[in-house]
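*Asks:* Sharing a structure below in structure tokens format, with a few things to ask.
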Amino acid sequence: MYKVAVVQAASVPFDADAATTRAEELIAEVAANGAELAVFPEAFIGGYPKGTSFGTVIGTRTDVGRAQYERYVRGAVTLEGDEVARLERASAEHGVHLVVGVIERLGNTLYCTALMIAPGEGLVGKHRKLMPTATERLVWGFGDGSTLDTMDTPGGRVGTVICWENYMPLMRQAMYAKGVQIYCAPTADDRPSWQSTMQHIAIEGRTFVLSSCQVITRDAFPADHPVEHEVPGGDILMRGGSVIIDPAGRVLAGPVFDEETVLYAEIDPDEKVRSHLDFDAVGHYSRPDVFTLTVNESAAESVRFTR
């Protein structure tokens, strides 16, 4: 058996150093409880600015909004930066594989990224969100096929699909084809209906699904940070709803709402093998004579210099 953990906790928005310290504490906690893999929410380091427009409507931007964006950029991380190095050290010290949602700065663009970190190996993979949802596209760039990475662990191959990417059928099919056994879904979707999506994916992919969402309140953000649009939870901006599901769609832990917690489950990697007796979305149930999928894993570079 392989013990996994899903972290449902509040970020420290716009403060990468403090959020990384919070992550280090939680990594130590899950290790003390025997977990070998920990999944953190979307944008856990960097922050998810729910309810904020950055002073932007169609055709108009404000100086105040640009200043808010500057703070968001300052709170992001780079892959070569100290925060990622600290996560690598915590992984190695505690022997825990990690999937951590961060806001990544690359050049002058931010990406919603999930880092995959292995003990003693460091950063072994990353996934930049391919399709930011709605107005997320204002502040996040689009990932490309070069970051559809996976990570091998003693409990099986880990893959990461972020939030509403999980509604992209071809994205899911690509991850199944990569042999993902532990399907991680960091998210900001705190609706009760999210569990239905996670159960569908577990059954469709015959995978273990680990979904992690923050519980965070308005007062976790700086006092001058605007929440311009009311959210259903009022001062609770994200309610959680994290969950762990097995390849048959059975809920092993969660969902939990409105409180910080860590969910744990013992998973049997052989359960996935047994589950494919009657269904394999990329194998004996796929009908490649009728349907095929081509995935472009090339990096999409806007400028190339040649000599």
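*Asks:* Which one of these is in a helix (DSSP H, G or I), open to solvent by less than 20 Å² (accessible area, probe 1.4 Å) and touching a strand residue (DSSP E or B) at 6+ places or on another chain (Cβ under 9 Å): ALA202, ALA185? Before you say what the answer is, go through the steps one by one.
*Replies:* On the way: ALA185 fails: in a helix (DSSP H, G or I).
Going through ALA202, ALA185 in turn, the sole match is ALA202.
*Asks:* Please go through region 73-109 and pick out each residue that is surrounded by fewer than 23 Cβ atoms within 10 Å (Cβ to Cβ) and either polar (S, T, N, Q) or closer than 22 Å to ASN166 by Cα (or both).
*Replies:* Hits for region 73-109 are THR78, ASN108, THR109.
*Asks:* Another question, if that's okay. Please list, ordered by first then second residue, the pairs with beta carbon atoms under 9 Å, 6 or more apart or interchain, first in region 182-201 and under 18 Å from ASP268 (Cα atoms), second charged (D, E, K, R) and part of a strand (DSSP E or B).
*Replies:* So the pair list comes out as ILE182/ARG157.
*Asks:* Looking at this structure, is GLY65 open to solvent by less than 60 Å² (accessible area, probe 1.4 Å), at pLDDT below 95, in contact with a Ser or Thr (Cβ under 6 Å, 6 or more places away or on another chain) and at positive phi?
*Replies:* Values: open to solvent by less than 60 Å² (accessible area, probe 1.4 Å): yes; at pLDDT below 95: yes; in contact with a Ser or Thr (Cβ under 6 Å, 6 or more places away or on another chain): yes; at positive phi: no.
So GLY65 does not fit the description; no.
*Asks:* Among the residues that make up region 16-28, is at least one of them open to solvent by less than 40 Å² (accessible area, probe 1.4 Å), at pLDDT below 95, on the phi < 0 side of the Ramachandran plot and in contact with a helix residue (DSSP H, G or I) (Cβ under 8 Å, 6 or more places away or on another chain)?
*Replies:* Of region 16-28, the ones open to solvent by less than 40 Å² (accessible area, probe 1.4 Å) are 16, 18-20, 23, 26-28.
Now restrict to residues that are at pLDDT below 95: none.
There is no residue in region 16-28 that is open to solvent by less than 40 Å² (accessible area, probe 1.4 Å), at pLDDT below 95, on the phi < 0 side of the Ramachandran plot and in contact with a helix residue (DSSP H, G or I) (Cβ under 8 Å, 6 or more places away or on another chain).
*Asks:* Which number in (1) open to solvent by less than 30 Å² (accessible area, probe 1.4 Å); (2) modelled with pLDDT of 95 or more marks the one condition that SER11 misses?
*Replies:* Just one mismatch for SER11, condition (2).
*Asks:* To continue, here is another question. Within the set of pairs 6+ apart or on separate chains, which have a first residue in region 27-52 that is farther than 25 Å from CYS112 by Cβ, a second that is in a helix (DSSP H, G or I) and open to solvent by 40 Å² or more (accessible area, probe 1.4 Å), and C-beta atoms under 7 Å apart?
*Replies:* These pairs meet every condition: ALA28/HIS94; ALA31/HIS94.
*Asks:* Could you run through region 251-275 and say how many residues are of a type in the set (A, V, I, L, M, F, W, C) and either at pLDDT below 95 or touching a Ser or Thr at 6+ places or on another chain (Cβ under 7 Å) (or both)?
*Replies:* Quick first cut of region 251-275, residues of a type in the set (A, V, I, L, M, F, W, C) only: 251-253, 256-257, 262-263, 265, 267, 273.
Okay, now just the ones that are also either at pLDDT below 95 or touching a Ser or Thr at 6+ places or on another chain (Cβ under 7 Å) (or both), so 256, 263, 273.
Final tally of qualifying residues: 3.
*Asks:* So which of ARG172, ARG137, ARG191 is part of a helix (DSSP H, G or I), open to solvent by 30 Å² or more (accessible area, probe 1.4 Å) and basic (Lys, Arg)?
*Replies:* Numbers: ARG172 fails: open to solvent by 30 Å² or more (accessible area, probe 1.4 Å); ARG191 fails: part of a helix (DSSP H, G or I).
The conditions single out ARG137.
*Asks:* Return only the number of the condition from (1) under 21 Å from LEU87 (Cβ atoms); (2) open to solvent by 10 Å² or more (accessible area, probe 1.4 Å); (3) among the aliphatic types (A, V, I, L, M) that VAL161 does not satisfy.
*Replies:* Against the list (1) under 21 Å from LEU87 (Cβ atoms); (2) open to solvent by 10 Å² or more (accessible area, probe 1.4 Å); (3) among the aliphatic types (A, V, I, L, M), VAL161 comes up short only on (2).
*Asks:* Can you name every residue in region 140-151 that is of a type in the set (Gly, Ala, Ser) and in a loop (DSSP other than H, G, I, E, B)? Walk me through how you get there before you give the answer.
*Replies:* Here is the first cut: in region 140-151, the ones of a type in the set (Gly, Ala, Ser) are 141, 143, 145-146.
GLY141, GLY143 - these are the residues of region 140-151 that are of a type in the set (Gly, Ala, Ser) and in a loop (DSSP other than H, G, I, E, B).
*Asks:* Pairs, please: C-beta under 9 Å, at least 6 apart or cross-chain, first residue touching a residue at least 12 places away in the same chain (Cβ under 8 Å) and surrounded by 11 or more Cβ atoms within 10 Å (Cβ to Cβ) and in region 278-297, second acidic (Asp, Glu) and assigned to a loop (DSSP other than H, G, I, E, B)?
*Replies:* So the pair list comes out as GLU297/ASP144.
*Asks:* Which members of region 205-246 meet the condition of being surrounded by fewer than 21 Cβ atoms within 10 Å (Cβ to Cβ), small (Gly, Ala, Ser) and under 19 Å from THR187 (Cβ atoms)? Show your work before the answer.
*Replies:* Filtering region 205-246 for residues surrounded by fewer than 21 Cβ atoms within 10 Å (Cβ to Cβ) gives 217-220, 222-236.
Then drop every residue that is not small (Gly, Ala, Ser), which leaves 220, 223, 233-234.
Scanning region 205-246 gives ALA220, GLY233.
The values are calculated or read from the model by the stated rules, or taken from the named source; none is laboratory data. The structure presented is a predicted model; accordingly, all values stated were derived computationally and were not measured. In this analysis, Cβ positions are derived from the backbone assuming ideal geometry, glycine residues included, and neighbour counts consider all displayed protein chains. Heavy atoms of the whole protein, side chains included, go into the accessibility calculation; ligands, DNA and RNA do not. Shrake-Rupley method; radii C 1.70, N 1.55, O 1.52, S 1.80 Å.
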